[in-house]
Amino acid sequence: MRKILCTTLLTLGSYSAFAQTTTSGDDVMDIFTSILVLLAALAMVVHMLYDNFFRKKFRTDYTAAEFRNLRKEQGMGDMPAQEAMELDRNIDQILTLWGELPNEDGDLVPYPLKRSAVKKSIAILEQAVAAMPTNSRIVERINDAHEILNHALKRQFNGSKAMVITAVIVGIVLSAIAGSPEAAVAIGIGIALYLLASRSTNFLIAEKQQKGGGNGSSFLSGIIGGLFMGVAAAKTYKTVTTYSDGTTKTETDNSETWISLIFGLIIMVLLSILLSVISVINYLRNYIIYW
């Protein structure tokens, strides 16, 4: 399903961009292009909703008795010891693919940190389940590995909370200035897309944290934080003029503060307006390239 949605999104997006550049004067084609863009956006949203809320989890309740019954139905006996040993070695390969993360007690435990490791682990475990092992220890290892993969593939918001708050404020202010809710609705759609597109898999977040990259939300938060720091660090210049009669006059120049404030507001408005575009970038990163 991931490949189908990705192909649909890229195909519709590419075609709509081409149509827009070649037929900008044709009203019918403009409408058709808008429909294609809408379908591409819908495919993206469906993909994100499916991956977050409807993706089937790996089973963690297999039992040796269940596999034994399946083997009996196929006229097979218990798994031979030699085959069980080979299957056990295959599961050992998973540990060589995974890294390590500290658990709640501070002990290092195996955990996948790369997409390639997740994909290879899934393939190994699928083969292990298909082999229908009747060894209780092997079945337990399969369940444990599935439980870790379920956690690793679970998604959580990994974007900038500061960006979301900023966009909400900008949307409300622009709508108040314009006297209509159109700006708030448009930016609200961008916020909704951003909240979905910025949900990263736990293993991707863990990999960034292990590399010292924080939780991955530092880019936009850093920009917004830098803007506020720029305003706070802006200097106020005071000029004191002393006249011959001993009186003084103090003039204050806050132009640097005002320039920093205006610049910061412009950047925050632009980021809020472009939040839908940022969401597409986050979607490609979190759901297509790395996931």
When you look at Lys249, is it out of contact with any Asp or Glu (no Cβ under 9 Å at 6 or more places or on another chain), on the phi < 0 side of the Ramachandran plot, surrounded by 17 or more Cβ atoms within 10 Å (Cβ to Cβ) and among the charged types (D, E, K, R), yes or no?
-> no
Residue in the range 76-122 that is modelled with the lowest pLDDT, counting only those that are under 25 Å from the mean Cα position of the chain (by Cα) and among the polar types (S, T, N, Q) = Asn103
Of the residues that make up the range 63-71, is at least one modelled with pLDDT of 95 or more and touching a helix residue (DSSP H, G or I) at 6+ places or on another chain (Cβ under 6 Å)?
-> yes
Identify the residue in the range 74-99 that is among the aliphatic types (A, V, I, L, M) and farther than 27 Å from Leu113 by Cβ and, among all such residues, is surrounded by the fewest Cβ atoms within 10 Å (Cβ to Cβ).
-> Ala81
Among the residues of the range 175-201, write down those that are touching an Asp or Glu at 6+ places or on another chain (Cβ under 9 Å) and more than 19 Å from Val46 (Cβ to Cβ).
-> Ser175
Might you check whether a residue that is assigned to a helix (DSSP H, G or I) and free of Cβ contacts under 8 Å to residues at least 40 places away in the same chain occurs anywhere in the range 98-113?
-> no
Considering the range 118-155, residues that are surrounded by 13 or more Cβ atoms within 10 Å (Cβ to Cβ) and either of a type in the set (Asp, Glu) or in contact with a Gly (Cβ under 8 Å, 6 or more places away or on another chain) (or both), and then whichever is farthest from Leu97 (Cα to Cα), we arrive at Glu140
For the subset of the range 123-143 comprising residues that are free of Cβ contacts under 8 Å to residues at least 40 places away in the same chain and either part of a strand (DSSP E or B) or more than 18 Å from Ala65 (Cβ to Cβ) (or both), which member is farthest from the chain's Cα centre (by Cα)?
-> Gln127
The one condition in (1) out of contact with any strand residue (DSSP E or B) (no Cβ under 7 Å at 6 or more places or on another chain); (2) part of a helix (DSSP H, G or I) that Ala152 fails to fulfil = (1)
Got at least one residue in the range 259-271 being of a type in the set (S, T, N, Q), open to solvent by 40 Å² or more (accessible area, probe 1.4 Å), more than 21 Å from the chain's Cα centre (by Cα) and more than 30 Å from Leu38 (Cβ to Cβ)?
-> no
Can we say Ser116 is polar (S, T, N, Q), touching a Leu at 6+ places or on another chain (Cβ under 7 Å) and not in a loop (DSSP other than H, G, I, E, B)?
-> no
Out of the residues in the range 50-70 that are among the hydrophobic types (A, V, I, L, M, F, W, C) and open to solvent by less than 70 Å² (accessible area, probe 1.4 Å), state the one that is nearest to Ala197 (Cα to Cα).
-> Phe58
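The values are calculated or read from the model by the stated rules, or taken from the named source; none is laboratory data. Given the structure is predicted, the values throughout are model-derived calculations rather than measurements. Virtual Cβ from ideal backbone geometry, glycine too; neighbours counted across all protein chains shown. The accessibility values were calculated without ligands, DNA or RNA, using every heavy atom of the protein model including side chains. Shrake-Rupley method; radii C 1.70, N 1.55, O 1.52, S 1.80 Å.
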